[in-house]
Every structure is written in structure tokens, then in C-alpha cells.
Amino acid sequence: MVKTYKLSTDRNGLIDITPQVEAALAESGLSDGILLVSIPHSTASLTVMSPWDPLGLEDVHDEINRIVPTRIDFKHQYDTPQDASAHVKAAIVGHSRSFFFEGGKLGLGHSQKIYFWEFDGPRSRQFQIQFVGQ
Amino acid sequence: MVKTYKLSTDRNGLIDITPQVEAALAESGLSDGILLVSIPHSTASLTVMSPWDPLGLEDVHDEINRIVPTRIDFKHQYDTPQDASAHVKAAIVGHSRSFFFEGGKLGLGHSQKIYFWEFDGPRSRQFQIQFVGQ
Amino acid sequence: MVKTYKLSTDRNGLIDITPQVEAALAESGLSDGILLVSIPHSTASLTVMSPWDPLGLEDVHDEINRIVPTRIDFKHQYDTPQDASAHVKAAIVGHSRSFFFEGGKLGLGHSQKIYFWEFDGPRSRQFQIQFVGQ
């Protein structure tokens, strides 16, 4: 019962996919369990972050770029320096995040949204949602 | 069957919540499956770390502060610099961790405990545990 | 129904364990659900990365070593500096990763493999796989 969603990332950074995850949960008809949001890519990640200050979203992306800067001295040379740097970011941050749901409601706090984190865009991307529970 | 626990973080750093997770598993009556520990906050995380050297726990927290230093040049200005930095740390480390259990026993190694990782305390916090299995 | 696999890490860095995870899934007889790959160690992690350029795998490991350098000024002094540094890396990257499966097939993209990430080897290690689903 995996649900697949497509998105086009128009930039690098954080893109809110919470509405799709909530819609998928509603469509599943399940009320209590765990769901996994996963991406089939190795140069992007998923994360959870507060939506309240859009500048905070920029900080998060600025910081990962400061921590793993795009530069020309990566050993990986098959693609762009941005691609080489993106692989590192994705390996650290991770390709999936898990969430609980209860009473049909997704288990997020009031300052949490789920974000697709693009490190090597713009690109056509997708994410998948799997459910276990009842 | 989500169980919610409250804690008051008296400081920033790693706070052992393994006893609560083990108690929740025992109360669930389940023997075999996966459990998710999740927090509804965007300035804290969950992680797994060795408890044996308390100074190692300090190292882990010192290092995340060195990697994402608290400073005044974040774009996010609605709250303190510590808050801005905490959002970055939380987005990288993550808001949840998953564990297996088998025979009613939590799947941790002998040098693993589960920690609530406070980045912007002291604060009233909580964490939630969800189970799937039998 | 936890399956345990042993491995000997002959070096620090990324070691592909995808074949074992796929074999475990096939043996489970399950077709649709979520599986958790978990390690019982606090100085190693699990991650997902592209296998296509072996030099990219080296970059990922080089970068985590640059971000959390092995050095003698950690407070943790019970073991080697490499061990102290490894605890920090493991706390950030994480001890487990979750994956979906559908129709008996593991939910990985064509540029994704699952890696055991050794930070303090060579060592005798293990990883465990748990399944929920049907």
C-alpha cells in the first residue's frame, strides 16, 4: 500500500510535503500505526522543521551548505561539485523519516512540518509513503 | 496505543530516556515488532549513545555546538540565537528514532541508551512512543 | 523475527550490506511492510548512499572525518581518540535506518544501497533486521 508522490524541486532547500503525507494517511483509512516517508534519491533528504519563520528554513539550508561546502576537491568527479556535496549531505541527514499516527491523525507537534530537502536541484523527484498499523 | 511522557530538561545535552521506553514496551504487552520514539519539538532531537563514559556524552553535545555554533548571524531572528542554532541541529539529527523489540526485549546493544537531546533548554518537553507488532 | 548478521569491518568507511537485507526480506516471506536495519554499536552507523562512484563513498567518509576530526582534546579518555570521535559521528548519523517493501521488493532507488558505516574499525560487528507487515 505504498503511495508515490512526484514533485519538481524548483530550487535547493526545504519543500513542505506535509499536506501530501496527511492526505495519504487519510486515504489509507488507517487510524493507528507508523508511517515511513522515504525518497529513492541519494542527493536529497527528508527532515522535520518548524514552518513558522521562513528565514529559519533558509538558515537550515545555509548551515548544511556551510558544514559540507560545495567545492571542486571532492574525489567524486563524475558529476558536478554540487552533486558530490549533495551525496555527503544525504548520507548524513538520511533518506527517510518515520512518524506515528493515532486516531487517524499524524503525530506532529505544532511547530513541525515534514520537508523534502533538495541538495542537488532543480530536479524531478519523488517520495514514497508506507504504512503499518490498523 | 501511543504513550506520551513528559520531561523537564534542566540543561542542554543528552538525557537518558531508556527506562521510560523499556517501561512502555513492558506495558504494551507486545513481544515482537518495531517501536518509534518521537518528539513533537523542532529544537531537540533523539539519539542513541553509549552511557559508559559521562564525558563522552559531553563530547557529543560539545561537538554539535562546535559544528553548528550559536551565534547572532542567523537569518531567523524571532527568538534567541540558541533557538536558531537549535533548529539547525534538530533538522540534521532528527526528531525520531526507531527500535526493534523481540521476546518483549528492546533491541539495544550493551553500549546503547536512548537519549533526548536538548538543544534549546531548559524547557518542558515530551516524547511519544508508538508500537507496531504483535 | 529478528535476523542477525555478522560482519568484520576491515577498515573504516562504508560497507555495502544491501545483499543481506534483500536476502533477509526474501526469507521473511513478507510482501508489504516496513523493515528496520539496526546496529547494536555506538561507534558505527547505517546510511544510504549511491554505489555508482566508489570515490563518492570515500568522499562521504572523508567528510564526516573532516566535520568531526579525530583528535586528542575530547573529554572522553577511556579509549582512543578515534573511539571518542566515532561516538560523536554515530550520535549524529544514527544507529538505524528504516525501509519500506512492497510486493516482496525492497524500496530502494536505483542509486541507493544500504551501508554499514564503520567509524572505529576494524572490528567484529553485527546488524539486525526486523520486519512488520504482511
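The values are calculated or read from the model by the stated rules, or taken from the named source; none is laboratory data. For clarity, every value in this text was computed on a predicted model and none was experimentally measured. Here the Cβ positions follow ideal geometry from the backbone for every residue, glycine too, while neighbour counts run over all protein chains shown. Please note that ligands, DNA and RNA were not included when accessible areas were found on the heavy atoms of the full protein model with its side chains. Shrake-Rupley method; radii C 1.70, N 1.55, O 1.52, S 1.80 Å.
The residue of the stretch C:6-29 that is farthest from the chain's Cα centre (by Cα), among those that are surrounded by 17 or more Cβ atoms within 10 Å (Cβ to Cβ) and more than 14 Å from C:TRP117 (Cα to Cα), is C:SER28. Scanning the stretch B:68-106 for residues that are over 18 Å from the mean Cα position of the chain (by Cα), open to solvent by less than 10 Å² (accessible area, probe 1.4 Å) and of a type in the set (D, E, K, R) yields a total of 0.
Note on the stretch C:21-56: residues that are touching a residue at least 12 places away in the same chain (Cβ under 8 Å), closer than 28 Å to A:ASP83 by Cα and in a helix (DSSP H, G or I) amount to 2. When A:MET1 is tested against (1) modelled with pLDDT of 95 or more; (2) over 11 Å from the mean Cα position of the chain (by Cα); (3) surrounded by 15 or more Cβ atoms within 10 Å (Cβ to Cβ), just one condition goes unmet, and that condition is (1).
Just one of the listed residues (B:THR47, B:THR80) is hydroxyl-bearing (Ser, Thr, Tyr) and out of contact with any strand residue (DSSP E or B) (no Cβ under 9 Å at 6 or more places or on another chain), and it is B:THR80. Looking at the structure I just gave you, is A:ILE72 part of a strand (DSSP E or B) and aliphatic (A, V, I, L, M)? Spelling it out, it is not the case that A:ILE72 is part of a strand (DSSP E or B) and aliphatic (A, V, I, L, M). Of the residues A:PHE74, A:PHE101, the single one that is among the hydrophobic types (A, V, I, L, M, F, W, C) and either more than 28 Å from C:VAL60 (Cα to Cα) or at the interface with chain B (Cβ under 9 Å from one of its Cβ atoms) (or both) is A:PHE101.
Considering the stretch C:31-42, the residues that are more than 8 Å from every other protein chain (Cβ to nearest Cβ) and surrounded by 18 or more Cβ atoms within 10 Å (Cβ to Cβ) include one that is nearest to C:LEU106 (Cα to Cα), namely C:LEU35. Any residue that is outside any strand (DSSP E or B) and facing chain C (nearest Cβ under 8 Å) - is there at least one of those in the stretch B:117-129? The answer is no; no qualifying residue exists.
For A:GLY109, the test of being within 14 Å of chain B (Cβ to nearest Cβ), free of Cβ contacts under 8 Å to residues at least 60 places away in the same chain, surrounded by fewer than 22 Cβ atoms within 10 Å (Cβ to Cβ) and within 24 Å of B:LEU46 (Cα to Cα) is passed.
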